[in-house]
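Heads up, the thing below is written out as structure tokens.
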Amino acid sequence: MVEKSGRFIDNAQPLYNLETTITGVTMADKQESIHGQWTGRWGFILAATGSAVGLGNIWKFPYITGENGGGAFVIVYLMCIAVIGIPIMMAEIMLGRRGRQSPINTMTALAIQSGHSQKWHLLGWMGVIAGFLILSYYSVIAGWALAYVERSMTGAFNDSTPEMIKTLFGSFVANPLQLIFWHSLFMFLTIVVVARGVQGGLEKAARYMMPGLFMILLLLVGYAMSAGDFSKGLNFLFAVDFSKITTNSIVIAMGHAFFTLSLGMGAIMVYGSYLPKDASIGKATLIIAVADTVVALLAGMAIFPLVFANQLEPGQGPGLIFQTLPLAFGHMPWGSFFATLFFILLTFAAWTSSISLIEPAVAYLVENRGITRVRASILMGVSCWAMGLLTVFSFNLWSKFTPLSFISIFEGKTIFDLLDYLTANIMLPWGGFFIAVFAAWFMAREASMDELALEYRWLYNIWRFLVRYITPVAVLIIFLKLVS
Ligand code: PFF
């Protein structure tokens, strides 16, 4: 049974392969996913933007930009968003809506439909594994944001110096029990929402939270303009010096384009499977990608001026926002209030992303194993929580444990660093590579043209050219350079 309002249903019956009718029209044209459907185009855009905008924009983008030298890295990242990210996002949504099932079953169905090997379902599996690994550490970092809500409320940052903020952060991450507590709380929140279905509460919350986050970022940029070293910050972010770029930083920039847009692992594909037939994939993609990029750039513009005005180190790593923004809040009027609001909104941004990380796995379990959505969410959430302990310990007990240091690109990387590198920089781009190859080389041209339904034929031709040649070749070249 499918409930029209779009809420996910428990105990839904499995739905297997799509049948092709004589006219070449698939069953997908008539049906919707057994899990329901978004309330409309805006429901989807909101949910997909919720998935895209998260810790990747506000926590990760600034610190990897800091570690990779600034401007040139930002340009490579923006280019990757434009020529790789946007076309792949369109491809993922298109495949999802065509298949109308979890990514694993969607890939099986579409492969059969286009007369190719069912092995394509392995792409869905790779996505499930990537999502699982990402959520394991994502939840730990989101737990930091939650902990900082508490700190902000108690006015912990008021009038503090950079050293005090640094010590506060240092002693927080050094305490595994604290990290486990906040990680557990965040994972619990994720399970609750995935179990209830996305549209019940979170879609509505996202409607207010996203604009709220945007406003508070503007406020922070305004503060950075007046109190920070704004010109030095902007210079760092936008002045391009290609001598600072290495192959590894190109891989990281490309990986981040996938990570920040939630691409390459089926999250956007599964969201696409709940998209009504009449919504425009092209326009939705553009809105999501622009919103995501603007949020990341605003975060950078808020943080780097503060970094330079306080003689902080831009390349200090994952603690960057937790050691710069509290400084701003500690010195502005109404600081505790704004700090509390900011970390609540950051937690929300992370929350709307984390649910999309396990949705592909949960949808699969409901479809194929016949278990309820509630059980599937608990099963995935609890295992992911356990895996997250590896990340918790990477910041304290095992902070010196760098198991793959004998390989040069993994030198000095903790388990958390390795999980992040493996998922964002290797699994997502390769997932994206195969999504592009499938959509452009294996799926019938008529099928993708019909499903994308772009307004102009030339737009479709550009899209097809990009996913056929540019995207796969770019991923391939970048990796060949990395290993050579
Ligand atoms: N896009 C999210 C962020 O920027 O925080 C992270 C993410 C969500 C990555 C979902 C991948 C994904 F499938």
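The values are calculated or read from the model by the stated rules, or taken from the named source; none is laboratory data. If you're wondering where the values come from, they're calculated on a predicted model, not measured in any experiment. Positions of Cβ are generated from backbone atoms using ideal geometry, with glycine treated the same way; all protein chains shown enter the neighbour counts. Quick note on the areas: whole protein, heavy atoms, side chains included, nothing else; ligands and nucleic acids left out. Shrake-Rupley method; radii C 1.70, N 1.55, O 1.52, S 1.80 Å.
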Exercise for the section: Based on a Kirkwood Rh over C-alpha pairs, give the Stokes-Einstein translational diffusion coefficient of region 266-313 at 10 °C and viscosity 1.306 mPa s in µm²/s. Expected result: 118 µm²/s
Practice task
Pop a pseudo-label 7 angstrom from the Cα along the beta-carbon direction at both L185 and Q118 and give the gap in nm to one decimal.
Solution key: 4.6 nm
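Got a number for carbon plus sulfur as a percent of the chain's accessible area, 1.4 Å probe?
Details: 12300 of 18230 Å².
Result for the chain: 68 percent of the exposed heavy-atom area is carbon or sulfur.
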Exercise for the section: Taking the convex hull of the Cα atoms, report for region 307-463 its projected area averaged over all directions, in nm². Expected result: 16.1 nm²
Practice task
Please give the length that would be gained between F406 and W42 if that part of the chain were fully extended, namely 0.36 nm times their separation in residues minus their C-alpha to C-alpha distance (nm, one decimal).
Solution key: 126.2 nm
Problem - Per-selection metrics, the chain (Cα): Rg and Dmax in Å - result: 21.7, 72
Fill in the blank from the handout: What the Cα atoms of region 142-268 span along the principal axes, largest first and in whole Å, is 48, 41, 31
Completion exercise
With a 24 Å threshold on alpha-carbon distance, the violating pairs from K166/K413; K232/K283; K60/K166; K60/K277; K244/K283 are K232/K283; K60/K277; K244/K283
Completion exercise
region 46-130: Kirkwood hydrodynamic radius (Cα pairs, Å) comes out at 15.1 Å
Exercise for the section: Using only the Cα atoms of region 388-427, build the gyration tensor, take square roots of its eigenvalues as a ≥ b ≥ c, and label the shape rounded, prolate or oblate: rounded if a/c is under 1.5, else prolate if a/b is larger than b/c, else oblate. Expected result: oblate
Problem - For the chain, size of Cβ-based charge dipole, Lys and Arg +1, Asp and Glu -1, in debye - result: 580 debye
Handout entry: Neighbour net charge for G127 - beta-carbon separation under 12 angstrom, K R +1, D E -1
Key = -2
Practice task
List the relative contact order of the chain as a percent without decimals, with contacts defined as Cα pairs under 8 Å and 6+ residues apart.
Solution key: 32 percent
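What FRET efficiency comes out for V290 versus L218 if R0 is 22 angstrom and r is the Cβ-Cβ distance? Round to the nearest 0.05.
Result of the calculation: an efficiency of 0.85.
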Completion exercise
Mean projected area (nm²) from the convex hull of Cα positions in region 26-169 is 12.6 nm²
Handout entry: Coordinate range along principal axes, alpha carbons of region 299-355, Å, largest first
Key = 37, 28, 16
Handout entry: At least 27 Å along the helix axis (C-alpha) and Kyte average at least 1.0, DSSP helices within the chain
Key = 121-153, 176-196, 198-227, 281-309, 335-368, 373-394
Exercise for the section: Evaluate 2.2 N^0.38 Å with N set to the residue count of region 103-171, then give the Cα radius of gyration divided by it. Expected result: 2.03
Fill in the blank from the handout: Checking region 336-435 for chymotrypsin sites (Phe, Trp or Tyr not before Pro) in a loop per DSSP with at most 13 other beta-carbon atoms within 10 Å yields F401, F406
Fill in the blank from the handout: Phi angles of region 399-412, converted by Karplus (6.51 cos²θ - 1.76 cosθ + 1.60, θ = phi - 60°) into ³J(HN,Hα) in whole Hz with x for Gly and Pro, give 5, 9, 7, 10, x, 10, 4, 6, 9, 4, 6, 9, 4, x
Practice task
Could you tell me which trypsin sites (Lys or Arg not before Pro) in region 335-429 are loop residues by DSSP with no more than 13 other beta carbons within 10 angstrom of their beta carbon?
Solution key: R369, K400
Completion exercise
At R0 = 30 Å the Cβ-Cβ FRET efficiency linking S231 and K481, nearest 0.05, sits at 0.30
Completion exercise
Here D for region 270-375, in µm²/s, from Stokes-Einstein with a Kirkwood Rh over Cα pairs at 37 °C and 0.692 mPa s, works out to 190 µm²/s
Completion exercise
Given a Förster distance of 30 Å, the FRET efficiency implied by the Cβ-Cβ spacing of N396 and Y208, rounded to the nearest 0.05, works out to 0.25
Problem - Average accessible surface area per residue within the chain, 1.4 Å rolling probe, Å² - result: 38 Å²
